[in-house]
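The values are calculated or read from the model by the stated rules, or taken from the named source; none is laboratory data. Everything quoted here is computed from the prediction, not taken from an experiment. Virtual Cβ from ideal backbone geometry, glycine too; neighbours counted across all protein chains shown. Keep in mind that these areas ignore ligands, DNA and RNA; they rest on the heavy atoms of the full protein, side chains included. Shrake-Rupley method; radii C 1.70, N 1.55, O 1.52, S 1.80 Å.
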Amino acid sequence: MLLGSGQDSEGTSARASGEFRPKAPPDRTGGTDALEDLLRRERPAIERYVRSRARTRDDADDLVQNVLLKAARHFGDFREECPFSQWLLRIAINEVKNYYRRLAGERIESTDAWEEENPAALQQSPSQACPTLHADDSMVAERLLEAMHCVCGEDETNVISMVYQGESFEEIAAVLEMKSATVRSHFLRGRAKLLAHLVANEPDLVGGAEAIRAAAERAACSDAGDALDMAEREALEANDANSTVFRSACVKIARHLPMPILVFAAMEATWIL
Amino acid sequence: MDPLTPVEREWGRRLAASGTDGCLSAEALISLAERGKSSPNYSTAMSHVARCPNCRATLKELRAADALRPRTSFRFGWTGRLGIAAAIAAAAVLGFLLLRPGMDVPGLAPGGPVAKSVPSPAKGRTDPLPVPKSSPNQVTPETRIAKSSEPEPKPIAPAKPKRASSRFAKSKPKRPAEEAVVPDSREEHRELVASQPEGFSSASILEGEVLTLNHEVGEVCPRNWNEGEVVPKRRGGGTGAL
(Lines give C-alpha, C1' and ligand atoms only; values in the text may rest on other atoms or scores of the structure.)
Protein backbone atom coordinates (compact mmCIF):
# COMPACT_ATOMS: atom_id res chain seq x y z
CA MET A 1 0.00 0.00 0.00
CA LEU A 2 2.99 2.25 -0.16
CA LEU A 3 1.82 4.24 -3.06
CA GLY A 4 1.12 7.77 -3.76
CA SER A 5 -1.56 9.54 -5.61
CA GLY A 6 -0.20 9.92 -9.05
CA GLN A 7 -1.83 13.10 -10.13
CA ASP A 8 -1.80 12.89 -13.86
CA SER A 9 -1.71 10.27 -16.50
CA GLU A 10 1.79 9.30 -15.38
CA GLY A 11 0.46 8.72 -11.93
CA THR A 12 -0.83 5.36 -13.01
CA SER A 13 2.69 4.15 -13.71
CA ALA A 14 3.88 5.60 -10.41
CA ARG A 15 1.08 3.77 -8.66
CA ALA A 16 1.93 0.57 -10.48
CA SER A 17 5.55 0.84 -9.42
CA GLY A 18 4.42 1.27 -5.82
CA GLU A 19 6.31 4.50 -5.37
CA PHE A 20 5.21 8.10 -5.07
CA ARG A 21 7.14 10.59 -7.13
CA PRO A 22 6.41 14.29 -7.23
CA LYS A 23 4.65 14.99 -10.47
CA ALA A 24 4.05 18.05 -12.51
CA PRO A 25 0.82 19.73 -11.53
CA PRO A 26 -2.21 18.56 -13.44
CA ASP A 27 -3.65 20.71 -16.14
CA ARG A 28 -5.61 23.10 -13.99
CA THR A 29 -6.51 25.54 -16.71
CA GLY A 30 -8.53 23.13 -18.68
CA GLY A 31 -8.51 20.90 -15.74
CA THR A 32 -11.96 19.45 -15.42
CA ASP A 33 -10.82 16.18 -16.92
CA ALA A 34 -7.75 15.94 -14.71
CA LEU A 35 -9.75 16.83 -11.63
CA GLU A 36 -12.49 14.40 -12.50
CA ASP A 37 -9.93 11.71 -13.04
CA LEU A 38 -8.31 12.40 -9.66
CA LEU A 39 -11.59 12.55 -7.84
CA ARG A 40 -12.87 9.41 -9.50
CA ARG A 41 -9.73 7.61 -8.43
CA GLU A 42 -9.74 8.77 -4.83
CA ARG A 43 -13.47 8.88 -4.23
CA PRO A 44 -13.93 5.22 -3.13
CA ALA A 45 -11.45 5.55 -0.26
CA ILE A 46 -13.03 8.80 0.88
CA GLU A 47 -16.52 7.33 0.61
CA ARG A 48 -15.52 4.29 2.65
CA TYR A 49 -13.99 6.51 5.31
CA VAL A 50 -17.01 8.79 5.56
CA ARG A 51 -19.66 6.07 5.36
CA SER A 52 -18.18 4.15 8.26
CA ARG A 53 -18.42 7.26 10.40
CA ALA A 54 -21.70 8.89 9.44
CA ARG A 55 -24.87 7.84 11.20
CA THR A 56 -27.05 7.65 8.14
CA ARG A 57 -26.47 7.11 4.48
CA ASP A 58 -27.87 10.56 3.73
CA ASP A 59 -25.38 12.15 6.11
CA ALA A 60 -22.57 10.24 4.45
CA ASP A 61 -23.69 11.35 0.99
CA ASP A 62 -23.80 14.97 2.15
CA LEU A 63 -20.34 14.72 3.65
CA VAL A 64 -18.83 13.15 0.55
CA GLN A 65 -20.44 15.78 -1.60
CA ASN A 66 -19.03 18.56 0.59
CA VAL A 67 -15.55 17.05 0.42
CA LEU A 68 -15.63 16.80 -3.36
CA LEU A 69 -17.03 20.31 -3.73
CA LYS A 70 -14.31 21.79 -1.55
CA ALA A 71 -11.62 19.87 -3.37
CA ALA A 72 -12.94 21.11 -6.71
CA ARG A 73 -13.26 24.69 -5.47
CA HIS A 74 -9.73 24.80 -4.05
CA PHE A 75 -7.97 22.58 -6.51
CA GLY A 76 -6.01 25.58 -7.77
CA ASP A 77 -4.52 26.03 -4.29
CA PHE A 78 -3.21 22.50 -4.11
CA ARG A 79 0.56 22.89 -3.90
CA GLU A 80 1.54 19.24 -4.08
CA GLU A 81 3.34 19.38 -0.80
CA CYS A 82 1.63 16.13 0.00
CA PRO A 83 -0.09 13.55 -2.18
CA PHE A 84 -3.49 14.52 -3.54
CA SER A 85 -5.14 11.60 -1.80
CA GLN A 86 -3.86 12.82 1.57
CA TRP A 87 -5.03 16.33 0.85
CA LEU A 88 -8.48 15.00 0.00
CA LEU A 89 -8.41 12.83 3.11
CA ARG A 90 -7.53 15.82 5.29
CA ILE A 91 -10.54 17.68 3.88
CA ALA A 92 -12.70 14.63 4.63
CA ILE A 93 -11.31 14.38 8.16
CA ASN A 94 -12.20 18.02 8.75
CA GLU A 95 -15.70 17.44 7.43
CA VAL A 96 -16.14 14.43 9.72
CA LYS A 97 -14.86 16.37 12.72
CA ASN A 98 -17.33 19.17 12.05
CA TYR A 99 -20.07 16.61 11.60
CA TYR A 100 -19.29 15.05 14.99
CA ARG A 101 -19.31 18.46 16.60
CA ARG A 102 -22.66 19.26 15.05
CA LEU A 103 -24.00 15.98 16.43
CA ALA A 104 -22.67 16.85 19.85
CA GLY A 105 -24.27 20.27 19.61
CA GLU A 106 -20.97 22.09 19.76
CA ARG A 107 -20.31 25.36 18.06
CA ILE A 108 -17.75 24.88 15.34
CA GLU A 109 -14.56 26.66 16.20
CA SER A 110 -13.23 29.49 14.14
CA THR A 111 -10.04 27.65 13.19
CA ASP A 112 -12.12 24.97 11.55
CA ALA A 113 -14.07 27.60 9.70
CA TRP A 114 -10.79 29.00 8.53
CA GLU A 115 -9.60 25.61 7.40
CA GLU A 116 -12.92 24.99 5.80
CA GLU A 117 -12.45 28.04 3.68
CA ASN A 118 -8.79 27.29 3.07
CA PRO A 119 -8.28 23.61 2.31
CA ALA A 120 -4.89 24.56 0.95
CA ALA A 121 -3.81 24.99 4.56
CA LEU A 122 -4.48 21.29 5.07
CA GLN A 123 -1.58 20.29 2.89
CA GLN A 124 1.17 20.92 5.40
CA SER A 125 1.74 23.11 8.35
CA PRO A 126 4.48 25.69 7.78
CA SER A 127 6.79 23.97 10.25
CA GLN A 128 6.52 20.77 8.27
CA ALA A 129 7.00 22.32 4.88
CA CYS A 130 10.20 21.18 3.29
CA PRO A 131 9.65 21.87 -0.37
CA THR A 132 13.23 21.29 -1.42
CA LEU A 133 14.76 17.97 -0.74
CA HIS A 134 18.49 18.35 -0.56
CA ALA A 135 20.62 15.46 -1.61
CA ASP A 136 22.78 15.77 1.48
CA ASP A 137 19.71 15.57 3.70
CA SER A 138 18.74 12.32 2.08
CA MET A 139 22.27 11.01 2.31
CA VAL A 140 22.63 11.74 6.02
CA ALA A 141 19.13 10.42 6.70
CA GLU A 142 19.79 7.22 4.79
CA ARG A 143 23.04 6.57 6.64
CA LEU A 144 21.38 7.26 9.95
CA LEU A 145 18.55 4.89 9.16
CA GLU A 146 20.97 2.21 8.08
CA ALA A 147 22.84 2.58 11.36
CA MET A 148 19.57 2.43 13.28
CA HIS A 149 18.45 -0.71 11.50
CA CYS A 150 21.87 -2.19 12.14
CA VAL A 151 21.82 -1.85 15.92
CA CYS A 152 18.22 -1.11 16.94
CA GLY A 153 15.00 -3.00 16.70
CA GLU A 154 12.07 -1.85 14.59
CA ASP A 155 10.24 -0.12 17.42
CA GLU A 156 13.41 1.55 18.64
CA THR A 157 14.15 2.86 15.14
CA ASN A 158 10.66 4.29 14.76
CA VAL A 159 10.75 5.87 18.20
CA ILE A 160 14.19 7.44 17.69
CA SER A 161 13.15 8.85 14.31
CA MET A 162 10.10 10.51 15.77
CA VAL A 163 11.81 11.80 18.90
CA TYR A 164 14.58 13.33 16.79
CA GLN A 165 11.88 15.13 14.78
CA GLY A 166 10.52 16.71 17.93
CA GLU A 167 7.57 14.46 18.81
CA SER A 168 6.82 13.97 22.48
CA PHE A 169 6.70 10.53 24.07
CA GLU A 170 2.94 10.80 24.48
CA GLU A 171 2.38 11.63 20.81
CA ILE A 172 4.61 8.77 19.74
CA ALA A 173 2.82 6.44 22.12
CA ALA A 174 -0.49 7.38 20.47
CA VAL A 175 0.88 6.81 16.98
CA LEU A 176 2.57 3.49 17.80
CA GLU A 177 -0.14 2.29 20.21
CA MET A 178 2.28 1.84 23.09
CA LYS A 179 2.60 3.14 26.59
CA SER A 180 4.63 6.30 26.86
CA ALA A 181 6.90 4.61 29.41
CA THR A 182 7.63 1.94 26.82
CA VAL A 183 8.36 4.61 24.24
CA ARG A 184 10.76 6.29 26.64
CA SER A 185 12.64 3.10 27.40
CA HIS A 186 12.82 2.29 23.67
CA PHE A 187 14.27 5.72 23.05
CA LEU A 188 16.86 5.64 25.82
CA ARG A 189 18.05 2.16 24.94
CA GLY A 190 18.04 2.72 21.18
CA ARG A 191 19.68 6.11 21.39
CA ALA A 192 22.58 4.74 23.46
CA LYS A 193 23.06 1.89 21.01
CA LEU A 194 22.94 4.23 17.99
CA LEU A 195 25.39 6.75 19.43
CA ALA A 196 27.78 4.00 20.48
CA HIS A 197 27.62 2.49 17.00
CA LEU A 198 28.25 5.83 15.33
CA VAL A 199 31.12 6.78 17.63
CA ALA A 200 32.75 3.39 17.22
CA ASN A 201 32.07 2.70 13.53
CA GLU A 202 30.93 5.85 11.70
CA PRO A 203 32.55 8.79 13.46
CA ASP A 204 32.08 11.08 10.44
CA LEU A 205 28.35 11.22 11.15
CA VAL A 206 29.07 12.79 14.54
CA GLY A 207 31.83 15.13 13.39
CA GLY A 208 34.82 12.85 13.03
CA ALA A 209 37.32 11.27 15.39
CA GLU A 210 38.88 14.60 16.37
CA ALA A 211 35.54 16.08 17.35
CA ILE A 212 34.76 12.99 19.41
CA ARG A 213 38.08 13.19 21.23
CA ALA A 214 37.57 16.88 22.01
CA ALA A 215 34.03 16.17 23.25
CA ALA A 216 35.33 13.36 25.45
CA GLU A 217 37.86 15.72 27.04
CA ARG A 218 35.14 18.30 27.68
CA ALA A 219 32.87 15.62 29.13
CA ALA A 220 35.65 14.39 31.43
CA CYS A 221 36.03 17.83 33.02
CA SER A 222 32.31 18.66 33.03
CA ASP A 223 30.80 20.00 36.27
CA ALA A 224 27.21 19.45 35.18
CA GLY A 225 26.99 16.03 36.77
CA ASP A 226 27.51 14.19 33.53
CA ALA A 227 31.28 13.89 33.76
CA LEU A 228 32.86 10.71 32.50
CA ASP A 229 34.00 8.42 35.29
CA MET A 230 37.03 6.17 35.18
CA ALA A 231 35.15 3.12 33.89
CA GLU A 232 33.65 5.13 31.03
CA ARG A 233 37.06 6.49 30.05
CA GLU A 234 38.45 2.98 29.97
CA ALA A 235 35.46 1.82 27.91
CA LEU A 236 36.13 4.64 25.42
CA GLU A 237 39.69 3.41 25.08
CA ALA A 238 38.43 -0.13 24.45
CA ASN A 239 35.98 1.20 21.83
CA ASP A 240 33.52 -1.67 22.28
CA ALA A 241 30.11 -0.57 20.99
CA ASN A 242 28.35 -3.47 22.73
CA SER A 243 29.50 -2.44 26.19
CA THR A 244 26.85 -0.67 28.24
CA VAL A 245 29.50 1.51 29.89
CA PHE A 246 30.72 2.57 26.46
CA ARG A 247 27.15 3.42 25.48
CA SER A 248 26.60 5.61 28.51
CA ALA A 249 29.92 7.33 27.82
CA CYS A 250 28.83 8.03 24.22
CA VAL A 251 25.55 9.59 25.39
CA LYS A 252 27.57 11.94 27.62
CA ILE A 253 29.99 12.75 24.81
CA ALA A 254 27.13 13.57 22.39
CA ARG A 255 26.15 16.51 24.61
CA HIS A 256 29.56 18.08 24.01
CA LEU A 257 29.82 17.53 20.28
CA PRO A 258 30.40 20.66 18.20
CA MET A 259 27.75 22.59 16.31
CA PRO A 260 26.15 20.31 13.77
CA ILE A 261 26.19 22.82 10.96
CA LEU A 262 29.96 22.95 11.12
CA VAL A 263 30.14 19.20 11.50
CA PHE A 264 27.99 18.47 8.48
CA ALA A 265 29.56 21.19 6.40
CA ALA A 266 32.92 19.59 7.01
CA MET A 267 31.49 16.15 6.31
CA GLU A 268 29.87 17.22 3.05
CA ALA A 269 33.08 18.92 1.96
CA THR A 270 34.89 15.64 2.56
CA TRP A 271 32.32 13.74 0.50
CA ILE A 272 32.55 16.22 -2.37
CA LEU A 273 36.32 15.98 -2.42
CA MET B 1 12.72 13.68 28.76
CA ASP B 2 16.44 13.76 28.17
CA PRO B 3 17.04 16.86 26.02
CA LEU B 4 18.28 16.20 22.56
CA THR B 5 21.79 17.20 21.68
CA PRO B 6 22.34 19.67 18.82
CA VAL B 7 23.60 16.85 16.62
CA GLU B 8 20.44 14.85 17.23
CA ARG B 9 18.23 17.84 16.40
CA GLU B 10 20.05 18.23 13.12
CA TRP B 11 19.55 14.54 12.39
CA GLY B 12 15.85 14.96 13.07
CA ARG B 13 15.61 17.87 10.64
CA ARG B 14 17.29 15.86 7.93
CA LEU B 15 15.17 12.80 8.61
CA ALA B 16 11.99 14.90 8.28
CA ALA B 17 13.22 16.54 5.10
CA SER B 18 13.99 13.24 3.45
CA GLY B 19 10.99 11.34 4.76
CA THR B 20 8.33 12.67 2.41
CA ASP B 21 9.15 10.31 -0.43
CA GLY B 22 6.71 7.49 -1.05
CA CYS B 23 3.91 8.85 1.08
CA LEU B 24 1.14 6.49 2.09
CA SER B 25 -2.12 6.52 0.22
CA ALA B 26 -5.30 7.65 1.93
CA GLU B 27 -6.51 4.07 2.07
CA ALA B 28 -3.34 2.87 3.78
CA LEU B 29 -3.59 5.65 6.35
CA ILE B 30 -7.25 4.91 7.04
CA SER B 31 -6.44 1.24 7.48
CA LEU B 32 -3.57 2.11 9.80
CA ALA B 33 -5.82 4.32 11.91
CA GLU B 34 -8.68 1.83 12.03
CA ARG B 35 -6.89 -1.49 12.38
CA GLY B 36 -3.64 -0.47 14.01
CA LYS B 37 -1.12 -3.28 14.24
CA SER B 38 -3.35 -5.68 12.37
CA SER B 39 -3.44 -3.52 9.26
CA PRO B 40 -1.70 -4.94 6.20
CA ASN B 41 1.96 -3.98 5.82
CA TYR B 42 1.93 -2.39 9.26
CA SER B 43 5.67 -2.60 9.68
CA THR B 44 6.49 -0.92 6.36
CA ALA B 45 3.79 1.68 6.74
CA MET B 46 4.78 2.56 10.28
CA SER B 47 8.46 2.89 9.46
CA HIS B 48 7.44 5.41 6.79
CA VAL B 49 5.13 7.22 9.21
CA ALA B 50 8.02 7.47 11.67
CA ARG B 51 10.04 9.36 9.09
CA CYS B 52 7.37 11.32 7.23
CA PRO B 53 5.84 14.30 9.01
CA ASN B 54 3.00 14.52 6.45
CA CYS B 55 1.75 10.99 6.95
CA ARG B 56 2.23 11.24 10.70
CA ALA B 57 0.17 14.40 10.84
CA THR B 58 -2.61 12.82 8.77
CA LEU B 59 -2.59 9.73 10.96
CA LYS B 60 -2.87 11.89 14.06
CA GLU B 61 -5.76 13.78 12.48
CA LEU B 62 -7.54 10.52 11.71
CA ARG B 63 -7.19 9.36 15.30
CA ALA B 64 -8.23 12.76 16.64
CA ALA B 65 -11.37 12.70 14.46
CA ASP B 66 -12.27 9.22 15.69
CA ALA B 67 -11.80 10.37 19.26
CA LEU B 68 -14.50 13.00 18.65
CA ARG B 69 -17.05 10.42 17.58
CA PRO B 70 -20.07 10.79 19.87
CA ARG B 71 -21.01 7.62 21.69
CA THR B 72 -24.77 7.52 21.73
CA SER B 73 -25.50 3.86 22.09
CA PHE B 74 -24.41 1.85 25.07
CA ARG B 75 -22.48 -1.15 23.94
CA PHE B 76 -21.75 -4.06 26.17
CA GLY B 77 -18.18 -5.16 26.15
CA TRP B 78 -17.13 -8.63 27.16
CA THR B 79 -16.75 -7.58 30.77
CA GLY B 80 -20.23 -6.08 30.79
CA ARG B 81 -21.75 -9.23 29.32
CA LEU B 82 -19.92 -11.41 31.81
CA GLY B 83 -21.06 -9.20 34.66
CA ILE B 84 -24.68 -9.42 33.60
CA ALA B 85 -24.47 -13.19 33.16
CA ALA B 86 -22.89 -13.54 36.60
CA ALA B 87 -25.60 -11.39 38.16
CA ILE B 88 -28.37 -13.46 36.56
CA ALA B 89 -26.72 -16.71 37.67
CA ALA B 90 -26.30 -15.40 41.22
CA ALA B 91 -29.94 -14.30 41.32
CA ALA B 92 -31.07 -17.71 40.07
CA VAL B 93 -29.01 -19.58 42.66
CA LEU B 94 -30.19 -17.30 45.43
CA GLY B 95 -33.80 -17.64 44.37
CA PHE B 96 -33.51 -21.43 44.27
CA LEU B 97 -31.97 -21.55 47.72
CA LEU B 98 -34.55 -19.25 49.24
CA LEU B 99 -37.64 -20.73 47.63
CA ARG B 100 -36.57 -24.34 48.00
CA PRO B 101 -39.42 -26.51 49.42
CA GLY B 102 -39.19 -26.86 53.16
CA MET B 103 -37.02 -23.80 53.68
CA ASP B 104 -38.05 -21.39 56.36
CA VAL B 105 -37.54 -17.91 55.14
CA PRO B 106 -38.29 -15.00 57.39
CA GLY B 107 -41.19 -13.07 55.97
CA LEU B 108 -42.48 -15.94 53.87
CA ALA B 109 -45.27 -18.35 54.78
CA PRO B 110 -43.97 -21.49 56.39
CA GLY B 111 -44.09 -24.59 54.35
CA GLY B 112 -43.59 -22.75 51.14
CA PRO B 113 -45.52 -23.66 48.09
CA VAL B 114 -45.83 -27.32 49.02
CA ALA B 115 -49.34 -28.25 50.00
CA LYS B 116 -49.92 -30.80 52.65
CA SER B 117 -51.61 -33.87 51.31
CA VAL B 118 -54.71 -34.77 53.16
CA PRO B 119 -56.64 -37.96 52.62
CA SER B 120 -60.06 -37.35 51.24
CA PRO B 121 -62.79 -38.00 53.71
CA ALA B 122 -64.96 -41.01 53.29
CA LYS B 123 -68.52 -39.91 53.26
CA GLY B 124 -70.69 -41.38 56.03
CA ARG B 125 -67.79 -42.72 57.92
CA THR B 126 -68.88 -43.59 61.40
CA ASP B 127 -66.20 -45.78 62.81
CA PRO B 128 -64.15 -44.12 65.36
CA LEU B 129 -60.85 -42.72 64.50
CA PRO B 130 -57.81 -44.29 65.98
CA VAL B 131 -57.19 -42.67 69.21
CA PRO B 132 -53.75 -41.29 69.56
CA LYS B 133 -51.76 -43.01 72.14
CA SER B 134 -51.35 -40.91 75.13
CA SER B 135 -47.84 -40.21 76.05
CA PRO B 136 -46.53 -41.52 79.31
CA ASN B 137 -46.42 -38.04 80.64
CA GLN B 138 -49.98 -37.28 79.78
CA VAL B 139 -52.37 -37.50 82.66
CA THR B 140 -55.62 -39.28 81.98
CA PRO B 141 -58.30 -40.48 84.45
CA GLU B 142 -56.92 -43.98 84.26
CA THR B 143 -53.45 -42.93 85.00
CA ARG B 144 -54.72 -40.68 87.74
CA ILE B 145 -56.38 -43.63 89.42
CA ALA B 146 -53.42 -45.84 88.86
CA LYS B 147 -51.06 -43.32 90.17
CA SER B 148 -53.17 -42.10 93.09
CA SER B 149 -51.23 -44.14 95.55
CA GLU B 150 -48.03 -42.77 94.30
CA PRO B 151 -46.67 -39.52 95.54
CA GLU B 152 -47.86 -36.45 93.78
CA PRO B 153 -45.85 -36.15 90.61
CA LYS B 154 -44.25 -32.98 89.66
CA PRO B 155 -46.22 -30.94 87.16
CA ILE B 156 -45.22 -32.10 83.76
CA ALA B 157 -45.46 -29.98 80.75
CA PRO B 158 -47.90 -31.36 78.21
CA ALA B 159 -46.10 -33.43 75.66
CA LYS B 160 -46.05 -32.31 72.12
CA PRO B 161 -47.96 -34.55 69.79
CA LYS B 162 -45.81 -36.75 67.69
CA ARG B 163 -45.49 -35.36 64.23
CA ALA B 164 -45.82 -37.35 61.13
CA SER B 165 -42.79 -35.99 59.44
CA SER B 166 -39.96 -33.86 60.52
CA ARG B 167 -40.16 -32.11 57.16
CA PHE B 168 -43.44 -30.53 58.14
CA ALA B 169 -42.50 -30.10 61.72
CA LYS B 170 -41.25 -26.63 61.19
CA SER B 171 -44.16 -25.62 59.07
CA LYS B 172 -46.68 -26.05 61.81
CA PRO B 173 -47.32 -22.92 63.73
CA LYS B 174 -46.55 -23.21 67.32
CA ARG B 175 -49.68 -23.21 69.40
CA PRO B 176 -49.71 -22.84 73.09
CA ALA B 177 -50.44 -26.12 74.78
CA GLU B 178 -53.20 -24.72 76.94
CA GLU B 179 -55.23 -23.72 73.89
CA ALA B 180 -55.40 -27.24 72.59
CA VAL B 181 -58.59 -29.07 73.50
CA VAL B 182 -57.47 -32.50 74.32
CA PRO B 183 -60.04 -35.18 74.88
CA ASP B 184 -59.46 -36.75 78.16
CA SER B 185 -60.63 -40.20 77.29
CA ARG B 186 -61.59 -42.49 74.51
CA GLU B 187 -65.23 -41.87 75.25
CA GLU B 188 -64.81 -38.15 75.03
CA HIS B 189 -63.01 -38.57 71.76
CA ARG B 190 -65.84 -40.62 70.35
CA GLU B 191 -68.31 -37.98 71.40
CA LEU B 192 -66.20 -35.38 69.78
CA VAL B 193 -66.13 -37.23 66.51
CA ALA B 194 -69.80 -37.97 66.59
CA SER B 195 -70.62 -34.32 67.07
CA GLN B 196 -68.94 -33.40 63.81
CA PRO B 197 -71.04 -32.89 60.72
CA GLU B 198 -71.16 -35.33 57.92
CA GLY B 199 -68.01 -35.28 55.81
CA PHE B 200 -65.67 -35.10 58.73
CA SER B 201 -62.75 -37.35 58.12
CA SER B 202 -59.64 -36.92 60.09
CA ALA B 203 -58.04 -34.33 62.16
CA SER B 204 -55.48 -33.59 64.61
CA ILE B 205 -57.97 -33.54 67.37
CA LEU B 206 -55.23 -32.98 69.81
CA GLU B 207 -54.71 -29.59 68.35
CA GLY B 208 -58.36 -28.73 68.39
CA GLU B 209 -58.82 -28.71 64.64
CA VAL B 210 -60.67 -30.94 62.32
CA LEU B 211 -60.68 -31.29 58.61
CA THR B 212 -63.87 -31.17 56.77
CA LEU B 213 -64.94 -31.21 53.20
CA ASN B 214 -66.25 -27.89 52.22
CA HIS B 215 -68.83 -28.67 49.60
CA GLU B 216 -69.10 -25.11 48.52
CA VAL B 217 -65.49 -24.76 47.48
CA GLY B 218 -64.87 -28.45 46.90
CA GLU B 219 -61.78 -28.48 49.06
CA VAL B 220 -60.72 -29.90 52.30
CA CYS B 221 -60.75 -27.12 54.82
CA PRO B 222 -59.44 -26.79 58.26
CA ARG B 223 -62.15 -26.29 60.76
CA ASN B 224 -61.91 -25.14 64.22
CA TRP B 225 -64.47 -27.37 65.76
CA ASN B 226 -64.60 -25.32 68.90
CA GLU B 227 -65.95 -22.38 67.05
CA GLY B 228 -67.78 -24.35 64.40
CA GLU B 229 -66.43 -22.09 61.69
CA VAL B 230 -65.21 -23.43 58.40
CA VAL B 231 -62.31 -21.58 56.87
CA PRO B 232 -61.61 -22.24 53.23
CA LYS B 233 -58.13 -23.48 52.65
CA ARG B 234 -55.88 -20.94 51.10
CA ARG B 235 -53.70 -21.95 48.26
CA GLY B 236 -49.96 -21.62 48.40
CA GLY B 237 -48.99 -21.50 51.97
CA GLY B 238 -52.46 -21.12 53.39
CA THR B 239 -52.26 -24.53 54.93
CA GLY B 240 -50.02 -23.33 57.61
CA ALA B 241 -52.79 -23.72 60.14
CA LEU B 242 -52.78 -27.42 59.56
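Things to note:
- Test: residue in the range A:162-185 that is of a type in the set (Lys, Arg), surrounded by 20 or more Cβ atoms within 10 Å (Cβ to Cβ) and either more than 15 Å from the chain's Cα centre (by Cα) or not in a helix (DSSP H, G or I) (or both): no
- Residue list for the range B:26-43, restricted to those being surrounded by 14 or more Cβ atoms within 10 Å (Cβ to Cβ) and of a type outside the set (Gly, Ala, Ser): B:GLU27, B:LEU29, B:ILE30, B:LEU32, B:GLU34, B:ASN41, B:TYR42
- Of all residues in the range B:65-84, none are open to solvent by 60 Å² or more (accessible area, probe 1.4 Å), facing another protein chain (nearest Cβ under 9 Å) and modelled with pLDDT of 90 or more.
- Answer residue from the range B:21-49, given it is under 12 Å from A:LEU176 (Cα atoms), of a type in the set (Ser, Thr, Tyr) and within 7 Å of chain A (Cβ to nearest Cβ) and is nearest to the chain's Cα centre (by Cα) among those: B:SER43
- Options A:SER85, A:SER138; residue that is modelled with pLDDT under 90, touching a Cys at 6+ places or on another chain (Cβ under 9 Å) and either part of a helix (DSSP H, G or I) or open to solvent by less than 20 Å² (accessible area, probe 1.4 Å) (or both): A:SER85
- Test: residue in the range A:244-253 that is within 17 Å of B:GLU10 (Cα to Cα) and assigned to a helix (DSSP H, G or I): yes
- Residue in the range A:227-238 that is assigned to a helix (DSSP H, G or I) and under 17 Å from B:SER18 (Cβ atoms) present: no
- Against the test of being at positive phi and either modelled with pLDDT of 85 or more or of a type in the set (S, T, N, Q) (or both), the options B:GLY22, B:GLY36 yield a single qualifying residue, B:GLY36.
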